[in-house]
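Student: Sharing a structure with you now.
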Amino acid sequence: MFTYGTQYLRGATPEQDQWEKDIIKMKELGFNTVRAWLVWNAIEKDDGVIDKEYITKFLDITEKYGMKVGLLFHLHAAPALL
């Protein structure tokens, strides 16, 4: 099998209500893989509070349609660390 995919999920875009529609379209176009950016301030909007539902929801949708996922953690937009 060849990997045929795209990059998706850039922090606040696209909106979560678009994820499933977009994944369905990717499948229709023959995609089998998606790379998702995990931008710090999209998953930790409040200091010390990680929004696990954000990534869980995305992974549930991609699994539903048989898509493989690569996660890319980005530290831009990260708070200043001591």
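The values are calculated or read from the model by the stated rules, or taken from the named source; none is laboratory data. Just so it is clear, the structure is predicted and the values come from calculations on it, not from any experiment. Counting neighbours? That spans all protein chains shown, and the Cβs are built from the backbone with ideal geometry, glycine included.
Student: Taking the residues in the range 41-51 that are of a type outside the set (Val, Ile, Thr) and either crowded, with 16+ Cβ neighbours inside 10 Å or closer than 17 Å to ASP17 by Cα (or both) as candidates, determine which candidate is modelled with the highest pLDDT. It would help to see each step written out before you state the result.
Tutor: Let us first name the residues in the range 41-51 that are of a type outside the set (Val, Ile, Thr), namely 41-42, 44-48, 51.
Then keep just the ones that are either crowded, with 16+ Cβ neighbours inside 10 Å or closer than 17 Å to ASP17 by Cα (or both); that gives 42, 44, 51.
Working: ALA42: 77, GLU44: 80, ASP51: 85.
The qualifying residue modelled with the highest pLDDT is ASP51.
Student: If I ask for residues that are within 18 Å of TYR4 (Cβ to Cβ) and touching a residue at least 12 places away in the same chain (Cβ under 8 Å), which ones from the range 28-67 would you list?
Tutor: Of everything in the range 28-67, those that are within 18 Å of TYR4 (Cβ to Cβ) and touching a residue at least 12 places away in the same chain (Cβ under 8 Å) turn out to be GLY30, PHE31, ASN32, THR33, VAL34, ARG35, ALA36, THR62, TYR65, GLY66, MET67.
Student: Further question on the same structure: Which one of these is out of contact with any helix residue (DSSP H, G or I) (no Cβ under 8 Å at 6 or more places or on another chain), crowded, with 16+ Cβ neighbours inside 10 Å and hydroxyl-bearing (Ser, Thr, Tyr): THR33, THR56, THR62?
Tutor: Working: THR56 fails: crowded, with 16+ Cβ neighbours inside 10 Å; THR62 fails: out of contact with any helix residue (DSSP H, G or I) (no Cβ under 8 Å at 6 or more places or on another chain).
Going through THR33, THR56, THR62 in turn, the sole match is THR33.
Student: Same structure, new question: Can you confirm whether GLU20 is of a type outside the set (Gly, Ala, Ser), within 16 Å of ASP60 (Cβ to Cβ) and either at pLDDT 90 or above or surrounded by fewer than 14 Cβ atoms within 10 Å (Cβ to Cβ) (or both)?
Tutor: Values: of a type outside the set (Gly, Ala, Ser): yes; within 16 Å of ASP60 (Cβ to Cβ): yes; either at pLDDT 90 or above or surrounded by fewer than 14 Cβ atoms within 10 Å (Cβ to Cβ) (or both): yes.
It is true that GLU20 is of a type outside the set (Gly, Ala, Ser), within 16 Å of ASP60 (Cβ to Cβ) and either at pLDDT 90 or above or surrounded by fewer than 14 Cβ atoms within 10 Å (Cβ to Cβ) (or both).
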